[in-house]
Amino acid sequence: MVPGATIRVCLRPVTAPTLAAPMPAPTLPAMQEFVLDDLAATRRLAQELAAAVQPGDLLLLDGPLGAGKTALVRFLVEALGGDPAQVASPTFTLLHQYAARLPVIHVDAYRLAGAGDLAGLGFDELSEGALGVIEWAERVACAFPAEVCWSVNLAHAGEDRRRVRLATPLRLRGKWLHVPDEG
Ligand SMILES: Nc1ncnc2c1ncn2[C@@H]1O[C@H](COP(=O)(O)OP(=O)(O)OP(=O)(O)O)[C@@H](O)[C@H]1O
Ligand SMILES: [Mg+2]
């Protein structure tokens, strides 16, 4: 710089670029919500899930005690051609395996301290090529890739009614399950 020269500072606001502003990316809803009026409706949801899941998918189930997480798993195993009578709440056994068209690996994370405990059960290896199902998944959820995760959140909505919030895996984002009213 030339000695003695002044530095001119422009205090005018910088004008907006003349280029057209980019269009905002279309936003897809990340979650669908519906009401299950009774157990039969929960069964229909399980049937739709059974038709849509793929080997390696993970079904993350959340909701309070008695919300119907295990009931949904029982219907799911049935819909996949397995024996629903084998499905018990894995609260004490922690991990169950059910033979079905797509084998199901069922874990209850209620008593797990975190993702390390889940790994300790051999969940990753066992659920490879199967359908992994985790009750109380929020306790270990940070461990899962969104590409393969179904998120199902059940809530009590009076007597046999349940409210469900469902998010499909990333690969299906924007496609929703249709649960028929009757069937
Ligand atoms: N629409 C419904 N969907 C699911 N379960 C229902 C429904 N209506 C009534 N129920 C009853 O609610 C109870 C749900 O119990 P379930 O063991 O499935 O809950 P859970 O969410 O797994 O609880 P936990 O956190 O203790 O494992 C069952 O007795 C089931 O028959
Ligand atoms: Mg349960």
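Answer yes or no: is there a residue in the stretch 28-35 that is within 16 Å of ligand 2 (Cβ to nearest atom) and in contact (Cβ under 8 Å) with a residue 60 or more places away in the chain. So that I can check it myself, show each step before the final result.
Filtering the stretch 28-35 down to residues within 16 Å of ligand 2 (Cβ to nearest atom) leaves none.
No, the conditions are met nowhere in the stretch 28-35.
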Residues of the stretch 120-143 satisfying the condition of being free of Cβ contacts under 8 Å to residues at least 60 places away in the same chain and either of a type in the set (Phe, Trp, Tyr) or more than 24 Å from ALA155 (Cβ to Cβ) (or both)
GLY120, LEU121, GLY122, PHE123, ASP124, GLU125, LEU126
Of the conditions (1) modelled with pLDDT of 90 or more; (2) touching a helix residue (DSSP H, G or I) at 6+ places or on another chain (Cβ under 8 Å); (3) closer than 21 Å to THR42 by Cβ, GLY66 clears all except one; give me its number.
(2)
Restricting attention to the stretch 43-76, which residues are in contact (Cβ under 8 Å) with a residue 40 or more places away in the chain, of a type in the set (A, V, I, L, M, F, W, C) and within 15 Å of ALA109 (Cβ to Cβ)?
LEU58, LEU59, LEU60, LEU61, ALA67, VAL73
Residue pairs, Cβ under 7 Å, 6 or more apart or interchain, first in the stretch 93-119 and on the phi > 0 side of the Ramachandran plot and among the hydrophobic types (A, V, I, L, M, F, W, C), second within 16 Å of ligand 2 (Cβ to nearest atom) and not in a helix (DSSP H, G or I). List them.
LEU94/VAL107; LEU94/ASP108
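Could you check the stretch 140-151 and list, in sequence order, the residues that are under 18 Å from LEU95 (Cβ atoms) and either of a type in the set (A, V, I, L, M) or at pLDDT 90 or above (or both)? Show your work before the answer.
Within the stretch 140-151, the first condition is being under 18 Å from LEU95 (Cβ atoms), and the residues that meet it are 140-141, 143-144.
Matches in the stretch 140-151: VAL140, ALA141, ALA143.
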Say whether the condition of being away from ligand 2 (no atom under 16 Å from the Cβ), among the β-branched types (Val, Ile, Thr) and under 21 Å from ARG171 (Cα atoms) is met by at least one residue in the stretch 48-69.
yes
Quick one: SER89 ticks every box in (1) at pLDDT below 95; (2) over 28 Å from GLY129 (Cα atoms) bar one, so which box is it?
(2)
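On the given criteria, is VAL179 part of a loop (DSSP other than H, G, I, E, B), within 22 Å of ARG74 (Cβ to Cβ) and β-branched (Val, Ile, Thr)? Write out each step before concluding.
On the way: part of a loop (DSSP other than H, G, I, E, B): yes; within 22 Å of ARG74 (Cβ to Cβ): yes; β-branched (Val, Ile, Thr): yes.
Taking the combined requirement at face value, the residue satisfies it.
Kindly indicate which of ALA141, ALA130, ALA146 is among the aliphatic types (A, V, I, L, M), more than 12 Å from ligand 1 (Cβ to nearest atom) and over 19 Å from LYS69 (Cα atoms).
Being among the aliphatic types (A, V, I, L, M), more than 12 Å from ligand 1 (Cβ to nearest atom) and over 19 Å from LYS69 (Cα atoms) holds for just one of ALA141, ALA130, ALA146, which is ALA146.
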Residues of the stretch 97-114 satisfying the condition of being more than 16 Å from the chain's Cα centre (by Cα) and under 15 Å from LEU60 (Cα atoms):
TYR110, LEU112, GLY114
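The values are calculated or read from the model by the stated rules, or taken from the named source; none is laboratory data. Owing to the predicted nature of the structure, the values given are computational and were not obtained by experimental measurement. Neighbour counts run over all protein chains shown; Cβ positions are idealised from the backbone, glycine included.
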